[in-house]
Amino acid sequence: MRYVGILTSGGDCPGLNAAIRGVCRAGEEAFGLRFIGFCDGFRGLVQDRTLVLGSRELSGILADGGTILGTSRDKPHRMLIDGKVRDMTDAAAAAYRRHHLEALVCIGGGGTQKNALRLKKAGLNVVTLPKTIDNDIVLTDVSFGFDTALGIVAEAVDRLHSTAMSHRRIIVVEVMGHRAGWLALGGGIAGGADVILIPEIPYDPDAVARAISRRNRAGKTFSIVVIAEGAMSQNEARKVSHLAAAKEKAKTKSKKREASEKLDRFHQQHVSHTVRLTRRLEKLTGLESRLTILGHLQRGGTPSAFDRVLATRLGTACAEFLHCRQYGVMIAARGNASQAVALEQVAGKKNVVPLNHSWVRAARQVGTCLGD
Ligand code: F6P
């Protein structure tokens, strides 16, 4: 019997259950593999908490949001155990061996790819699948979860139009995405936002206010501003790159710690930047303004048809790669094909929006202000 472990890790997203079902159904039915699910991400692996994945568990989950396995943001090499951060890589490897696993499937985002690479280096056969609503994983055309979240953002922007119009207001919509602006950009374009602000393009609040006032003078008495949670004004972006450079240059340990603390403080304070921007736009334009934070709504609920197909396609391809004993890879979507990409090429990298991307050009060409 060939046994394979499977876990989901990082933030949940729609399509995880479809992927679990794809891997396990194809693995069992086509290739005779047996699956052992680990609960709550890498924590469940370390603590050897398992879930049987039989046909009953895999039935009726395709359209369900979340993950039947549970998830967490725990990293095997830095796990909080009894109030102390400990390296639990050996415990993870021990659980893997205890179950006589031939491989471990890790379904997750950027952090998961890094954790999987560490486990590969510790001698485990790992295969990963790319999930995240942020769409920021490199070397795959898209990750599952993104399309569903995009639909949610677009629908929210649609709905906010009528209330913004009725009250003649500015509505600022905060969308997830710390380093990559795909969700804000795609959701903003799909929903016809008037301003889209993403981390890749630091914005000038005066330029945003000017764009809104221009619309106002043209008789459009409301505006929708979609902003990624990681977007920054040009001043903030300068500050953060200055702090990061100081951290990089710091010669002594204490100077490095000091610079790192300053950077952390900046990020902690940045959390409420959309509140500040909303107030500022109200002041600069004289128009009443409101903020809507979409938050975890973007990650919840049933996956779109596109995400169900993508997750099933990548999950079943994963089973084929397991069958062929191709390990140490992420199963990526490339055109119509599913390709195995070495984890070393994926871990620690981020797929951010290129400034000349067709979505950026399209947004500008329909007159959307990108804040620069
Ligand atoms: O998983 C990606 C993501 O949804 C990001 O867009 C967001 O910044 C983050 O997770 C939020 O994480 P948490 O649910 O742990 O607060």
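Before we move on, is SER304 open to solvent by 20 Å² or more (accessible area, probe 1.4 Å) and closer than 30 Å to LEU58 by Cβ?
yes
Based on what the data block shows, is ARG179 over 28 Å from ALA333 (Cβ atoms), among the charged types (D, E, K, R) and in the same structural domain as ALA237 (by TED's automatic domain parsing)?
no
Give the residues of the range 121-155 that are closer than 13 Å to GLY186 by Cβ, aliphatic (A, V, I, L, M) and open to solvent by 10 Å² or more (accessible area, probe 1.4 Å), sorted by residue number.
Result: VAL142, LEU150, ILE152, ALA154.
Of the numbered conditions (1) within 24 Å of VAL329 (Cβ to Cβ); (2) surrounded by 18 or more Cβ atoms within 10 Å (Cβ to Cβ), MET79 satisfies every one except a single condition; which is it?
Condition not satisfied by MET79: (1).
Rundown of residues vs (1) closer than 21 Å to THR316 by Cα; (2) assigned by TED's automatic domain parsing to the domain that holds PRO199, yes/no style:
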{"residue": "ILE81", "(1), (2)": "no, no"}
{"residue": "GLY111", "(1), (2)": "no, no"}
{"residue": "LEU129", "(1), (2)": "yes, no"}
{"residue": "GLU155", "(1), (2)": "no, yes"}
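For the range 172-190, how many residues are more than 16 Å from the ligand (Cβ to nearest atom) and open to solvent by 10 Å² or more (accessible area, probe 1.4 Å)?
Total satisfying the criteria: 2.
Conditions tested, residue by residue: (1) exposed (fewer than 13 other Cβ atoms within 10 Å of the Cβ); (2) in the same structural domain as THR163 (by TED's automatic domain parsing); (3) basic (Lys, Arg).
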{"residue": "ARG257", "(1), (2), (3)": "yes, yes, yes"}
{"residue": "VAL275", "(1), (2), (3)": "no, yes, no"}
{"residue": "LYS283", "(1), (2), (3)": "yes, yes, yes"}
{"residue": "GLY295", "(1), (2), (3)": "yes, yes, no"}
{"residue": "LEU310", "(1), (2), (3)": "no, no, no"}
{"residue": "VAL341", "(1), (2), (3)": "no, no, no"}
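Of the conditions (1) assigned to a loop (DSSP other than H, G, I, E, B); (2) touching a Phe, Trp or Tyr at 6+ places or on another chain (Cβ under 8 Å), ILE189 fails just one. Which one is it?
ILE189 satisfies all of (1) assigned to a loop (DSSP other than H, G, I, E, B); (2) touching a Phe, Trp or Tyr at 6+ places or on another chain (Cβ under 8 Å) except (1).
With the requirement that a residue be more than 16 Å from the ligand (Cβ to nearest atom) and in contact with a helix residue (DSSP H, G or I) (Cβ under 7 Å, 6 or more places away or on another chain), what does the range 293-317 give you?
SER304, PHE306, ARG308, THR312, LEU314, GLY315, THR316
Between a first residue in the range 270-297 that is closer than 25 Å to GLY151 by Cα and a second residue that is within 16 Å of the ligand (Cβ to nearest atom), which pairs have beta carbons less than 6 Å apart while being 6 or more apart in sequence or on different chains?
Qualifying pairs under 6 Å: THR274/GLU174; THR274/ILE227; LEU291/THR274; THR292/VAL173; ILE293/GLU174; LEU294/ALA156; LEU294/VAL175.
Take LEU263 and decide whether it is of a type outside the set (S, T, N, Q), outside any strand (DSSP E or B) and open to solvent by 10 Å² or more (accessible area, probe 1.4 Å).
yes
So the check is Cβ under 6 Å with 6+ separation or different chains; which pairs have a first residue in the range 204-230 that's assigned by TED's automatic domain parsing to the domain that holds GLU174 and modelled with pLDDT of 95 or more and a second one that's of a type in the set (S, T, N, Q) and away from the ligand (no atom under 16 Å from the Cβ)?
ASP204/GLN234; PRO205/SER233; ALA209/THR285; ILE212/SER223; ILE212/THR285; SER213/THR285; ARG215/SER223
The values are calculated or read from the model by the stated rules, or taken from the named source; none is laboratory data. Keep in mind that this is a model prediction, so the values were computed, not measured. Please note: Cβ atoms are built from the backbone with ideal geometry, for glycine as well, and neighbour counts cover all protein chains shown. When the accessible area is computed, the model is the full protein with side chains, heavy atoms only, and any ligands, DNA or RNA have been set aside. Shrake-Rupley method; radii C 1.70, N 1.55, O 1.52, S 1.80 Å.
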